[in-house]
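J.: Sharing a structure with you now.
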Amino acid sequence: MSGSERRFPKSLIEFQGRFASESECAEYLFERRWPHGFVCPGCGDGRAWLLKTKAFTYECAGCGRQTSVTAGTIMHASKLPLTTWFWAAFLMATHSNGISALQLQSQLGLGSYRTAWMLCAKLRRAMVDPERKPLSGVVEADETIIPFRTKNDPVVVPAGRSGVGKMLVAGAVEVDGGSPRRARLKVIESFSKGEIHAFVLAAVAPSTRLVTDDWPSYNDIPDIKHKAITLGPMAAHIVLPWTHRLFSNLKRWGLGVYHGLRKTNLQHYLDEFVFRFNRRRTRHAAFNTLLGIGARTAPAPYHLLIRKTAQQSCT
Ligand SMILES: [Zn+2]
């Protein structure tokens with residue numbers, strides 16, 4: 001554990017005290033980025049001076065290259081104060097259910113919904129660690145159907161209402177000594193062998209012991225030790241308790257935070273849910289992970305985040 005992690009605030013009051021100013025946030029970023037002192041990303045020189053004309057930007061004494069503490073992070077080139085980013089990441093990482101753009105807007109007193117939505121979208125994009133390791137050991141896998149609502153549907157949808165569609169989701173949970181560890185969720189097009197095999201091969205490591213129900217699409221996955229359990233009179237929550245719980249928590253979360261998930265950007269919501277699930281016991285460290293992952297994720301300009309109906313999907 002690094003020094004900055006050890007000193008990381010455990011409460012809102014501590015957080016407020018620790019990151020009260022722009023320079024305190026910048027210092028934290030500097031520590032994360034250059035734990036052993038400044039290193040120029042251009043020439044590797046360690047000598048640099050802080051520019052007076054550009055915020056938190058260092059000029060290399062060797063090659064003259066200017067590097068901001070936010071370069072390469074999701075905060076780069078943003079006009080928002082670092083304190084706003086830090087608060088947004090903290091709320092997103094530590095709220096047990098996450099936080100919507102509307103909630104973020106009111107909690108941070110942001111002037112526009114667009115700004116809050118952009119913050120939300122950028123943080124959500126930083127939630128998938130590109131270097132994450134596949135699930136291994138014993139893994140439960142299952143699939144589920146969740147309803148989605150369209151833009152024009154009311155928040156409370158009467159049963160059987162037309163316009164409410166179904167989304168198919170595949171899920172897997174790594175189980176260690178009877179307890180769940182990490183999970184994966186993916187939007188799939190069908191429950192076919194092709195879709196299920198592609199999900200399992202991307203989510204779990206070779207030689208994993210995969211436990212599923214007797215749905216034939218799970219058969220014959222290369223390099224996987226598969227154990228299919230015939231459900232029969234046994235309910236799924238007994239045979240596959242952790243995927244069952246994952247799916248029911250996902251559905252409750254979607255209804256509670258987003259008033260029903262919508263089809264646009266569904267995978268991003270699944271990623272957010274999995275991010276929170278995988279860090280459910282280390283919520284404060286999730287903030288570090290969020291910024292740490294952010295530092296490895298290429299900045300996403302606003303226009304790339306916008307899709308046709310994306311603005312309606314983060315309410
Ligand atoms: Zn340099």
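What follows draws every value from the coordinates through simple rules; no lab data is involved. What you see is a predicted model, and the numbers here were worked out from it, not measured in a lab. Reconstructed Cβ throughout: ideal geometry from the backbone, glycine too, with neighbour counts over all protein chains shown.
J.: Run through region 47-102 and list the trypsin sites (Lys or Arg not before Pro) located in a DSSP loop whose Cβ has at most 12 other Cβ atoms within 10 Å.
T.: Those satisfying the criteria are 47, 52, 54, 79.
J.: Extension gain residue 202-residue 226, at 0.36 nm per residue separation less the Cα-Cα distance, in nm?
T.: 7.1 nm
J.: Cα to Cα, under 22 Å, and not fewer than 8 places away if on the same chain: which lysines meet these conditions relative to residue 54?
T.: Leaving aside lysines fewer than 8 places away in the same chain, those within reach of residue 54 are 79.
J.: Read phi for every residue in region 20-32 and hand back ³J(HN,Hα) as whole Hz from Karplus 6.51 cos²θ - 1.76 cosθ + 1.60, θ = phi - 60°, with x for Gly and Pro.
T.: Per-residue couplings from phi come out as 7, 10, 4, 5, 5, 5, 5, 5, 4, 5, 4, 4, 5 Hz.
J.: Please find the FRET efficiency linking residue 214 to residue 245, where r is the Cβ-Cβ separation and R0 is fixed at 25 Å, and quote it to the nearest 0.05.
T.: Efficiency, from the Cβ-Cβ distance: 0.75.
J.: Compute the distance in nm between two label points, each set 7 Å from the Cα along the Cα-to-Cβ direction, one at residue 114 and one at residue 11.
T.: Between residue 114 and residue 11, the label points sit 4.0 nm apart.
J.: Kindly state, to the nearest 0.05, the FRET efficiency for residue 21 paired with residue 107, given R0 = 22 Å and r defined as their beta-carbon distance.
T.: 0.70
J.: For region 178-230, state which trypsin sites (Lys or Arg not before Pro) are in a DSSP loop and have at most 15 other beta carbons lying within 10 Å of their beta carbon.
T.: Of the trypsin sites (Lys or Arg not before Pro), not one in the loops of region 178-230 has a Cβ with at most 15 other Cβ atoms within 10 Å.
J.: While we're looking at this one, here's another question. List the GluC sites (Glu not before Pro) within region 169-210 that fall in a DSSP loop (any state other than H, G, I, E or B) and whose Cβ has at most 14 other Cβ atoms within 10 Å.
T.: In loop regions of region 169-210 (DSSP not H, G, I, E or B), the sparsely surrounded GluC sites (Glu not before Pro) are 189.
J.: If amide hydrogens are placed 1.01 Å from N in the peptide plane, which non-local residues have theirs closer than 5 Å to the one on residue 61?
T.: 47, 48, 49
J.: Quick one: check the C-alpha center-to-center distance for region 200-217 versus region 27-56, whole angstrom.
T.: 45
J.: Calculate the spin-label point distance for residue 145 paired with residue 193, positioning each point 7 Å from the Cα along the beta-carbon direction, and give it in nanometres.
T.: It works out to 2.3 nm between the two label points.
J.: Using a/c under 1.5 as the rounded threshold, could you call region 30-150 rounded, prolate or oblate? The axes a ≥ b ≥ c are square roots of the C-alpha gyration tensor eigenvalues, and prolate needs a/b larger than b/c, oblate otherwise.
T.: Numbers: a/c = 3.13, a/b = 1.53, b/c = 2.05.
Oblate is the answer for region 30-150, as a/c is 1.5 or above yet b/c matches or exceeds a/b.
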